[in-house]
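Everything below concerns the one structure shown next.
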Amino acid sequence: MIEWVLVAVMVSADVASDLLMAQGMKQVGQTMDLNFWYLLRLPSRALRNSSFLGAVTLAAVHFAAFLALLSFWDLSLVIPMGALVYVLGTCAARIFLGESVTLLRWAGVCLIAAGVAIASTT
Amino acid sequence: MRIAILLILAVVMQAAGNLCLSVGMKRIAAFASVHADHWQATALAATAQPLNWLGVLFLVGFFILFATALSRSDLSLAMPIVSVEIVLNVALAHIILHEDVSPQRWAGVFLVASGVALVSLSARQRAASLARTEP
């Protein structure tokens with residue numbers, strides 16, 4: 001059962017890391033750019049921002065859980081599990097951020113959840 | 001055109017990284033089960049495994065290439081890539097790692113990939129509608 005705990009940790013750490021990163025970047029007044037070269041030039045106040053540091057820590061936790069999971073399960077099972085971040089992320093956005101979620105997005109989320117359920121039965 | 005090449009390279013690096021990490025961590029697995037109550041020993045063994053470092057190197061390369069590609073295009077390109085990645089990773093796991101991927105698992109994988117594609121489509125629609133409402 002430890003494997004499912006690892007899945008829960010991996011997915012929730014990823015979602016929480018994304019949320020904190022977005023929050024941290026907003027607090028520092030930076031746009032959320034996935035530009036590596038831009039990140040290298042981040043002002044030091046970003047690096048001292050607690051949300052940003054929390055996001056980095058959680059990303060490390062996510063990666064550690066991912067590695068641990070790989071020691072138990074096939075890669076072909078772990079990879080689809082990772083897509084659960086869309087399910088949790090969408091629910092979290094709805095519940096905690098009050099975001100409106102389109103029907104299309106919910107449909108996607110349902111497909112992902114169904115796909116993970118089916119893939120994990122083997 | 002350059003962006004497409006960057007993305008293809010990025011996708012391949014990501015898959016390569018995951019493959020290396022999968023093999024590397026499986027090698028740790030036997031060690032881990034013996035030392036189940038001392039996770040620190042397992043963590044140390046994981047860092048001593050060269051395949052894990054190669055995998056991390058590939059993933060870092062993926063991140064750099066991906067971020068560079070995104071900086072030259074737009075973020076809505078990100079999620080279709082994830083869809084492709086999921087299928088590619090599973091396919092390569094079957095071909096290279098000889099993992100047993102049953103028809104049910106394939107069905108699940110394609111459902112997941114389709115779901116991610118729908119989510120990315122909705123994100124694209126949202127971005128487009130936000131752009132339209134901008135003054």
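Every read-out reported here was derived from the displayed coordinates using simple, explicitly stated rules and does not represent laboratory data. Keep in mind it's a predicted model, so treat the numbers as computed, not measured. All Cβ positions, glycine included, derive from the backbone under ideal geometry; neighbour counts span all protein chains shown.
Quick notes on this one:
- In this structure, A:Ala22 and B:Val34 have a Cβ-Cβ separation that, at R0 = 45 Å, corresponds to a calculated FRET efficiency of about 0.60.
- Within 10 Å of the Cβ of each residue in A:100-106, the mean number of Cβ atoms contributed by other protein chains is 5.
- Couplings 3J(HN,Hα) for segment B:93-109, derived from phi with the Karplus relation 6.51 cos²θ - 1.76 cosθ + 1.60 (θ = phi - 60°), are 4, 6, 6, 8, 8, 6, 6, 7, 9, 6, x, 4, 5, 4, 4, x, 4 Hz, where x marks Gly and Pro.
- The separation of segment A:71-112 from segment B:116-135, counted between C-alpha centres, amounts to 18 Å.
- Taking Cα atoms only, the orientation of helix A:2-28 departs from the longest principal axis of chain A by about 20 degrees.
- Helix axis angle, B:2-34 relative to chain B longest principal axis, alpha carbon, degrees: 30
- Highest to lowest packing among B:8-20, B:42-54, A:87-99, scored as the average C-beta count within 10 Å: B:8-20, B:42-54, A:87-99
- Computed magnitude of the charge dipole of the protein assembly as shown (debye, nearest 20; Cβ of K, R +1, Cβ of D, E -1): 640
- For the segment B:18-26, counting C-beta atoms of other chains within 10 Å of every residue's C-beta and taking the mean gives 5.
- Rotationally averaged projected area of the protein assembly as shown (alpha carbon convex hull; nm²): 15.0
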